[in-house]
Structures are given as structure tokens and as C-alpha cells.
1. Would you please name the residue that is nearest to V89 (Cα to Cα), looking only at residues in segment 8-66 that are buried (at least 21 other Cβ atoms within 10 Å of the Cβ), touching a Leu at 6+ places or on another chain (Cβ under 7 Å) and not hydrophobic (A, V, I, L, M, F, W, C)?
2. Among the residues of segment 28-60, count how many are outside any helix (DSSP H, G or I) and either within 18 Å of V135 (Cβ to Cβ) or not acidic (D, E) (or both).
3. All but one of (1) farther than 21 Å from V358 by Cα; (2) touching a Pro at 6+ places or on another chain (Cβ under 7 Å); (3) surrounded by 24 or more Cβ atoms within 10 Å (Cβ to Cβ) hold for L264; which doesn't?
4. Looking at G98, G80, which is the one that is buried (at least 21 other Cβ atoms within 10 Å of the Cβ), in contact with a Pro (Cβ under 6 Å, 6 or more places away or on another chain) and assigned to a helix (DSSP H, G or I)?
5. Which of the residues belonging to segment 148-187 are in a loop (DSSP other than H, G, I, E, B), touching a Leu at 6+ places or on another chain (Cβ under 7 Å) and surrounded by 21 or more Cβ atoms within 10 Å (Cβ to Cβ)?
6. Counting only residues that are out of contact with any helix residue (DSSP H, G or I) (no Cβ under 7 Å at 6 or more places or on another chain) and part of a loop (DSSP other than H, G, I, E, B), which one in segment 196-243 is surrounded by the fewest Cβ atoms within 10 Å (Cβ to Cβ)?
7. Looking at (1) over 15 Å from V177 (Cβ atoms); (2) free of Cβ contacts under 8 Å to residues at least 40 places away in the same chain, can you tell me which one E238 breaks?
8. Which residue, of V373, V367, V358, V362, is more than 14 Å from D296 (Cα to Cα) and either free of Cβ contacts under 8 Å to residues at least 24 places away in the same chain or of a type outside the set (G, A, S) (or both)?
Amino acid sequence: MLEKGQDRDVNVLLLIWGIVALIAVMTVYVPIRRDPLTGTAFFIGWLTGELAGQLVVLDVLVVALLVWGGAGNSATGVIGLCLAAVALVGLLIALVVGRQARQVVRRSLASTPGLTIDMTATDTHPKWGRWWRVVRAVPLPTRAISVTKDVPYVVDGAKAQRLDVYAPAGGISGAPVMIYVHGGAWVLGDKREQGKPMLFELVERGWVCFSINYRLSPRAVWPDHINDVLAAIAWAKEHAAEYGGDPSFVALSGGSAGGHLAALAALAGDDDAFKAGFEGADCSVDACIPIYGVLDMTGDPQTSGRYGPGLKILLERQVIKQRVAEAREVFEAASPSYRLREDAPPFLVLHGTHDTLVPVAVPRAFVPALREVSSSPVGYIEFPLAQHAFDVIASPRCSAAVAGIVAFLDTVRSRHEAERKGGALATQAPESDVQSGSCDRETERR
């Protein structure tokens, strides 16, 4: 039997656990965009939302152990038990919402204008994201994936101008290519840290993927960042075949700041102002998938949403190192939302409704504007309750997002191949007609 002091201790522990659990769950439902709490709230809300299933088990185990140890027999313990129960309900709801993400993806893709995507008719069952890997959450490559690290994409370039190659271990040829750009607010991050569930899934399906690093601020000054991304695309066009890739189909993706760079590269890849040293190089891509990307750099409320002053301060002091008021044209030129064009490649934009760092107002403004201008399809998937970085760990929501990306890329690539074959036949037809006409005229002369 526990003594009074020990009894009080376990009840206090239960109260503390209930408070901590409830605060963590609240950050899933109520995004906090008020510095200095923004970063901490994002991190807690992200992990809690994406690991809701694991945390349900943890919450039950901790409460059961404390109750078994004597907690819950005082007012303090009862309050802690009630708080833990409320947190458990919140976790269960978050888990259900995360597991329903596949239906969200299916409905969103089915309603994409100008593109018919039926996930029920497509093999979108994850080859890499088996259930035990989702439970483990940490994305690790299987033995079927070969990794070649730190390949330079700029001759005699900086240490940051390198990429990792992910390819099928048994070798491949003629594979479609994906280039991934990591996030980190243009000042941090690494190619080894992000996008792994998507990259591993694509490699399992026969793709060759390049995950790139690029020069970071504050040492790097805009447009160094986009210059490096476009240099990597030009390199991939020239060298993809060496790793089994087919440069005739190159897709581009990235998260957060990487989503910004991916979208900008897809929309402004022909701008030589961003291609110092390789002007005129082919930097076009055939599909772009920005994930919770920063799609506007001006800070205008109507296009950027409620970022707050943090983004503007970061850009002016560390990244672009100019003031918006004095060099607005630079910020507009760096914004995908100001680069909309009719010949843009197909886009699939993914975002979460509860993103703390990049408000959902950003894609809600960008997607309709791009659809109005572009002749290519523009898909949009908006995940309820999703926080920033929902694709980093192997959660149910991440698995659904990857399935949607696969379905989108498969459809776009099939259309791309059909158009290439149709174009080839069209260019052959006139020659055939000329030959036929020559034969007819020769027959008449005979």
C-alpha cells in the first residue's frame, strides 16, 4: 500500500501528464502564429498530429501505469485523469482524420480540372509504406533502393551543390526522374532529412530520384538558392541517363522553402537572371509538386495570408537582404504567384488546413490563379488538421499524400508519353504524304 507522500506524488504525476497531453493535442487543433511560440507550437502540433496512433497507445499505457500505482484516488488525480481522457479523445479524432486522408486525396484528384484521375483504378497501394513502417514512422530505405551520396551537380562547385541519387538497386534504364528540394526557410535543412517516404515509394515503382542540397543563407544571397535548383535540373537533363533516368520526363517537388523553389523553378526556369553561368540551358520540367510551399514572397495579405512579420523579417535580413519597400520587384520576381504562365507544367499543390508556418490562405489564392492562366491541369489536395511537414514521417496522412502524388504523376506521365508519340506520328505524316505523292506522280508519268 502506498504511503501518503507516494500517493500524492503519483496523483501529481497524473495531473502533469494530463496537462502536457492536453496542451500537445490542443496545438493540433489550434495553430499558434504568435512569436516566439510559433516554432514550438508547430513542432509539437506536427508530431502529435502525425503520430496520433502511437500517442494513443502511449497515453493509455502511462495513465494505466499511474492508476495501477495508486493515482486517481484524490481530486488532483481525478483532474489529471479527466485531462488525459480529453487528450485521448482528441488523439482518436486526429487519428481518424489522418486515416481518412486517402478519401480526401481521391476526391481532390477526381475533381482536378482537365485531368481524369481515378485512384480506384490505379495501383496506389504503397509499395514502400507497409503498415509496420507506418507504425515505426521513421522512413528508412529498403534493400531494393540504392543510394549514391554527394554527387556534385556543379563542376568545382561549393560543398552544398551536391545531390543524392536514389535508384532501384538492381539497376534500371529509361526511368522517369524526380528532383526533390528540401525545406528549411532557405537557411537550414539537408537533402538527407526530408521527402523520404515519397522518394522511396517512387524508387520502388521504378523511378530515379535526385535529392539536392543548395547554398543556404545567410551566407548565400538570393538568387543563389534558385540558381542552384535550376543548375541541378540542367545537370539532371544531361546526366540522368548515367543513373538509369530518362531526361525526357523530369518532375520537380519540394517542401516549404523547397516547395517555393520547386514552384519558382517550374514557372521561371527560362529566366536567365536565375541561371548565372549556364544561361540558355534547358531547365524545364514536366510536372511540379510543391508541398506546403511558400508561394508568395511579398508579404501581401491577399496572396500570402497571415504569415505575420516573421517571414518578411527573415527574407529582408537573411535571404534576399533587401527591403520589400525598396526592392519590391525583386520579391515579386522571386514569387511563384507572380510568375503564372499559360505554358506552365502540370501542378499538384498539397497543403494542410492547420499549417502554422505557411497559412492555408497561400495555396487557396495560388491554385485558382494558376488554373485561370495555365493550359495544364492544376491539382490541389488540402488535408484537414494537417500541420506543416506532414510528409516527413511515415504517417497514414503521409501515405495517402504519397499515393496521390503517385496517381497524379502516373496520369501526367501517361499523357506526356501519348503526346510525344502523337507528335512523332504527326511529324512523320507529312513526309509519308510527300513520298506517297511522289509515287503517284511517278505513276502518272509512267
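The values are calculated or read from the model by the stated rules, or taken from the named source; none is laboratory data. Treat the numbers as computed from the prediction; the structure is a model and nothing was measured. Cβ placement follows ideal geometry from the backbone for every residue including glycine, while neighbour counts extend to all protein chains displayed.
1. Restricting to residues being buried (at least 21 other Cβ atoms within 10 Å of the Cβ), touching a Leu at 6+ places or on another chain (Cβ under 7 Å) and not hydrophobic (A, V, I, L, M, F, W, C), the top hit is D59.
2. 8
3. (1)
4. G98
5. Across segment 148-187, the qualifying residues are Y153, W186.
6. It comes out as R219.
7. With respect to (1) over 15 Å from V177 (Cβ atoms); (2) free of Cβ contacts under 8 Å to residues at least 40 places away in the same chain, E238 is out only on (1).
8. V373
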